[in-house]
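Any read-out appearing in this document is the output of simple, stated calculations on the displayed coordinates, not a laboratory observation. Since we're looking at a predicted model, the values are computed, not measured. Cβ: placed from backbone, ideal geometry, glycine included. Neighbour counts: every protein chain shown.
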């Protein structure tokens, strides 16, 4: 949604985002991590299947930056 569309909607009821069950999200991540990342706006190379490699790729490629990248690095032990 563009900034202009957002400004035009001021004063209207905010749209409700569909809340996903955390267990369902975890099952989706486990079943197809690359697809889940793509839905989140991130990309990994075709054929990459190792979740750790995927995380390092999105951090090293700059798709995730700042505090989130620092947090992920700490979790991943680097």
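Using mean Cβ contacts within 10 Å as the protection proxy, how do 65-72, 53-60 order, highest first?
Ranked by mean Cβ neighbours within 10 Å, highest first: 53-60, 65-72.
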(request) Could you work out the relative contact order of the range 29-78, using alpha carbon pairs under 8 angstrom and six or more residues apart, expressed as a whole percent? (result) 25
